[in-house]
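Here's the structure we're looking at; comments come further down.
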Amino acid sequence: MNFNSTLLADVYLIDVNPFQDERGFFMRTFCKDEFQQIGHTKEFVQFNHSINPKKGTLRGMHFQVSPYGEVKLIRCIAGSVFDVVVDIRQHSSTYLQWFGAELSSDNRRMMYVPEGCAHGFLTLSDSAELLYHHTSYYNPMADRGVRYNDPTFHIEWPISIEVVSEKDMNYPLIDDTFEGYPL
């Protein structure tokens, strides 16, 4: 695996190295030793699968508050998405900045999202599917989000948003009272 630094501190875009022969290909998507090289020491405790039938579907920008904060590892296994991370960590050098990249079944890239960052994606194709690995169990009482169209971030979504949940539309905008995610 190749861990590519991004514009955000501790956020990585990961390229896998598939072994290919006449049978097809094989690739490793996680290796504890390799992930330790980027400082990852937590155990992944929950895997989720997201199925999104329609192009232009937005999910995000989600995170869980402490002590239920989580590291996420995201991979697109069908179709393609524009995957976005917003740094909301109080004392981060990239506080309130965002990074986005295409994840697809063709490029097989993964996004590593550290605790204290909000995550979301926009489907670039019909029938987009993602696998998420989490280091914390989902806790509805810790579930939070920030608005995907908040002018503070000015995320440049590459296509128009056609489907978004009411919950995601109604997350708060960042204002002067926002203190960020404490680490």
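Give the distance, in whole Å, between the Cα centre of segment 150-180 and the Cα centre of segment 87-109.
The two parts, judged by their Cα centres, are 15 Å apart.
Counting only C-alpha contacts under 8 Å and six or more residues apart, can you give the relative contact order of the chain as a whole percent? If you can, show how the numbers build up before the last one.
Working: 424 pairs, mean separation 53.7, N = 183.
Relative CO of the chain lands at 29 percent.
Loop only by DSSP, 12 or fewer other Cβ within 10 Å of the Cβ. Give me the GluC sites (Glu not before Pro) in segment 150-183 that pass, ordered by residue number. Could the numbers behind the result be given before it?
Numbers: sites: E156, E162, E166, E179; in loops: E156, E162, E179.
The qualifying sites are E156, E162, E179.
How about segment 22-62: which chymotrypsin sites (Phe, Trp or Tyr not before Pro) there lie in a loop by DSSP and see at most 13 other Cβ atoms within 10 Å?
Details: sites: F25, F26, F30, F35, F44, F47; in loops: F30, F44.
Within segment 22-62, no chymotrypsin sites (Phe, Trp or Tyr not before Pro) qualify (loop, at most 13 other Cβ atoms within 10 Å).
Let me know the number of lysine pairs in the chain closer than 28 Å at the Cα, not counting same-chain pairs under 8 apart. Can you show the working numbers first?
Working: K32/K42; K32/K72; K42/K72; K54/K72; K54/K167; K55/K72; K55/K167; K72/K167.
Value for the chain: 8.
Convex hull over the alpha-carbon atoms of segment 55-183: what's its volume per residue in Å³?
105 Å³
Quick note: the coordinates plus some simple rules give every number you see, no bench work behind them. No experiment lies behind these values; they were computed from the predicted model shown. So basically every Cβ, Gly included, is an ideal-geometry build from the backbone, and we count neighbours across all protein chains shown.
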